[in-house]
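**Student:** Below: one structure in structure tokens.
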Amino acid sequence: MPKNNQGGSENRKNNSGSAELQGTALNVAGDINLTAETDSSSSLINFTDLTATAGFIKYNHLNNKFTFNTASSDRVTMDSTGLTCNTLNSSVMQSGTNVEIKHDTELMAKFVGDGAAQLYYDSVKKFETDSSGTTTIGTCNINGGTGFAVIEMGGDSGAFIDMKAPAGDDHDVRLRTYADGQFQISGFGGSGTSSETMANFHYNGAVELYHDGTLRLKTAAKGINVTPEGSAPANNATGTAGDIALHGDYVYVCTDTDTWKRAALNSY
């Protein structure tokens with residue numbers, strides 16, 4: 001039998017006309033051309049490794065598909081739709097401009113060309129990038145270990161956090177900070193309403209409390225400032241015991257439900 005010059009391997013020809021190589025290695029300088037039989041759709045190389053694991057390399061010209069198979073599983077497949085690489089239980093699949101990573105059939109990550117990167121838990125999307133930043137679905141836990149857990153946000157105009165229900169709604173409560181050190185809490189009543197300030201906190205300054213968008217009480221260097229009423233409450237005006245109002249030269253106090261009394265303010 002003829003032998004090649006590498007490792008004493010021996011080339012033989014079996015009765016079916018296919019070529020076989022016996023030995024430790026095959027070294028080829030140049031191209032290997034595989035031609036399918038006239039009644040076959042594929043060119044095929046079969047092999048068995050040292051652990052007696054069988055496999056094959058196949059090219060199917062009918063669907064332009066290349067397959068590398070071992071241990072009865074397709075490890076690499078490539079066709080017009082993309083590329084898929086499989087380990088024993090996991091796979092990486094490229095289709096068009098998208099790449100997916102799976103464990104068995106469970107989607108773990110997806111990367112969209114010119115688009116989002118998505119991370120999954122048990123096939124449920126939990127994190128995604130978008131043109132304006134990122135979106136997290138579910139709970140975000142930050143563990144500071146033995147130190148402080150820190151969240152830092154900032155922009156040239158300030159920063160804010162929106163809390164909302166349902167998730168697709170505009171904010172129900174917004175926590176906002178401005179470049180001058182002011183911290184604000186505002187609320188939003190839903191479609192058809194406008195945002196209302198609920199409280200302002202000024203660095204080295206006042207704390208302001210609002211009712212229905214109107215300032216009612218503000219701390220000052222020497223105490224508090226209560227916003228006067230536009231008109232005096234009637235003695236049976238709507239009110240809850242403990243309500244206090246200022247108007248003109250009187251202090252008005254609600255002593256019982258819808259019951260008001262007043263005291264005059266005198267000069268001293």
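The values are calculated or read from the model by the stated rules, or taken from the named source; none is laboratory data. Quantities reported herein were computed from a predicted structural model and do not represent experimental measurements. Cβ atoms come from the backbone with ideal geometry, glycine included; neighbour counts cover every protein chain shown.
**Student:** Report, by residue number, each residue of the range 232-263 that is within 52 Å of the chain's Cα centre (by Cα) and in a loop (DSSP other than H, G, I, E, B). Even if it seems obvious, please write down each step before you answer.
**Tutor:** Within the range 232-263, the first condition is being within 52 Å of the chain's Cα centre (by Cα), and the residues that meet it are 237-246, 254, 257-258.
ALA237, THR238, GLY239, THR240, ALA241, GLY242, ASP243, THR257, ASP258 - these are the residues of the range 232-263 that are within 52 Å of the chain's Cα centre (by Cα) and in a loop (DSSP other than H, G, I, E, B).
**Student:** Can you list residue pairs whose Cβ atoms sit under 6 Å apart, with the first residue in the range 167-190 being under 19 Å from THR135 (Cβ atoms) and the second being of a type in the set (Asp, Glu)? Count only pairs 6 or more apart in sequence or on different chains.
**Tutor:** Here the result reads HIS171/ASP162; ARG174/ASP162, each pair linking the range 167-190 to a residue that is of a type in the set (Asp, Glu).
**Student:** Same structure again: Filter the range 167-223 down to the residues that are touching a strand residue (DSSP E or B) at 6+ places or on another chain (Cβ under 9 Å), modelled with pLDDT of 90 or more and of a type in the set (A, V, I, L, M) and list them by number.
**Tutor:** Listed by number, the residues that qualify are VAL173, LEU175, ILE185, MET198, ALA199, ALA206, VAL207, LEU209, LEU215, LEU217.
**Student:** So, one more: ASP79 - would you say it is in contact (Cβ under 8 Å) with a residue 12 or more places away in the chain and more than 15 Å from the chain's Cα centre (by Cα)? Give the derivation first.
**Tutor:** Working: in contact (Cβ under 8 Å) with a residue 12 or more places away in the chain: yes; more than 15 Å from the chain's Cα centre (by Cα): yes.
It is true that ASP79 is in contact (Cβ under 8 Å) with a residue 12 or more places away in the chain and more than 15 Å from the chain's Cα centre (by Cα).
**Student:** Can you tell me which residue within the range 58-80, out of those that are among the β-branched types (Val, Ile, Thr) and modelled with pLDDT of 75 or more, is farthest from TYR120 (Cα to Cα)?
**Tutor:** Restricting attention to the range 58-80, the residues satisfying the condition of being among the β-branched types (Val, Ile, Thr) are 67, 70, 76-77.
Adding the requirement that they be modelled with pLDDT of 75 or more leaves 67, 76-77.
Details: THR67: 28, VAL76: 24, THR77: 24 Å.
Of everything passing the filter in the range 58-80, THR67 is farthest from TYR120 (Cα to Cα).
**Student:** Give the residues of the range 230-268 that are in contact (Cβ under 8 Å) with a residue 24 or more places away in the chain and out of contact with any strand residue (DSSP E or B) (no Cβ under 8 Å at 6 or more places or on another chain), sorted by residue number.
**Tutor:** THR259
**Student:** Please return the ranges of strands (runs of 3 or more DSSP E) entirely within the range 99-161 where 2 or more residues are of a type in the set (S, T, N, Q) and over 11 Å from the mean Cα position of the chain (by Cα). Walk me through it before giving the result.
**Tutor:** On the way: elements: 106-112, 117-121, 124-130, 133-136.
Those strands (runs of 3 or more DSSP E) do not exist here; none qualify.
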